[in-house]
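Student: Got a structure for you, written out below as structure tokens; questions coming shortly.
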Amino acid sequence: MRRQSNPWPAYVDLFAALMVATLGGMVLLAAAYKDMEKANATISQVRKEAEKISKRLQYAVRATSGLQSVVRKCDDDPDDVCIDLYMHFDRNKDELADASERNALHDLAVGLKSAIEHGFQSDERDIVQIVVEGHADDTVDERLGPADRFRYNWNMSSRRASAVLYEFHEAGIDPSEFNIVALGYGESHPLCRDKTDDCRARNRRTTLRLHVDSKLVAAKLSAAR
């Protein structure tokens, strides 16, 4: 008759192996939790720094501009801040109609330039991007052909954005040096949809989008440690 072996040593070895695996898992979990806490703290610091930068730029716009403006979170990216500037472009025109508004726009540009120069080294300015957005109302010249009608407001909004960018240039703020671009959005981003003169005047605007690059903010904070 075959002698029955004692199973307990095998059970003890299995239990020991399970304990080692459990303890190892707990150590890894604790390390992962610490890494997660560190990552969350870093994300929080980056957000706070990005918000501080954005508020500094918003203050510069408000403090130095006599233009009527509305500050809001951008609809398509709530991390960006959109400042709608209601400068008066005559219908179908891309030149500022009011000389006082042109002067106010120059003051705004000088204020932005000062805020960026005092806030960043020249090699850090890419942290902030300023987008000059041109927006048109929904009216077009019905005498135009289908292709020209389609392109009309896209071209008009682009020309208006470029006109503002030119005034920035005239005020001494070089777009390439300060990371500023101009884009036309046609009638694709309306603030209202009523077929009234007041609504169309609201939509016929220029918007400054203030974008702070969180990855570059994180790199800046890392380098400062």
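Student: Which of the residues belonging to the stretch 52-71 are in contact (Cβ under 8 Å) with a residue 24 or more places away in the chain and either assigned to a helix (DSSP H, G or I) or open to solvent by 50 Å² or more (accessible area, probe 1.4 Å) (or both)?
Tutor: Of everything in the stretch 52-71, those that are in contact (Cβ under 8 Å) with a residue 24 or more places away in the chain and either assigned to a helix (DSSP H, G or I) or open to solvent by 50 Å² or more (accessible area, probe 1.4 Å) (or both) turn out to be ILE53, SER54, ARG56, LEU57, GLN58, TYR59, ALA60, VAL61, ALA63, THR64, GLY66.
Yes or no, residue by residue, for (1) in contact with a Pro (Cβ under 8 Å, 6 or more places away or on another chain); (2) modelled with pLDDT under 85; (3) open to solvent by less than 100 Å² (accessible area, probe 1.4 Å):
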{"residue": "MET1", "(1), (2), (3)": "no, yes, no"}
{"residue": "GLN4", "(1), (2), (3)": "no, yes, no"}
{"residue": "LEU29", "(1), (2), (3)": "no, yes, no"}
{"residue": "GLN45", "(1), (2), (3)": "no, yes, yes"}
{"residue": "GLU101", "(1), (2), (3)": "no, no, yes"}
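Student: For residues in the stretch 104-161 being within 20 Å of the chain's Cα centre (by Cα) and acidic (Asp, Glu), which is modelled with the highest pLDDT?
Tutor: GLU133
Student: Of all residues in the stretch 84-101, how many are more than 25 Å from the chain's Cα centre (by Cα) and in contact (Cβ under 8 Å) with a residue 60 or more places away in the chain?
Tutor: Of the residues in that region, 6 qualify.
The values are calculated or read from the model by the stated rules, or taken from the named source; none is laboratory data. Note that the structure is a prediction, hence the values are computed from the model and not measured. Because the Cβ atoms are built from the backbone with ideal geometry, glycine has one as well, and the counts that use them run over all protein chains shown. Heavy atoms of the whole protein, side chains included, go into the accessibility calculation; ligands, DNA and RNA do not. Shrake-Rupley method; radii C 1.70, N 1.55, O 1.52, S 1.80 Å.
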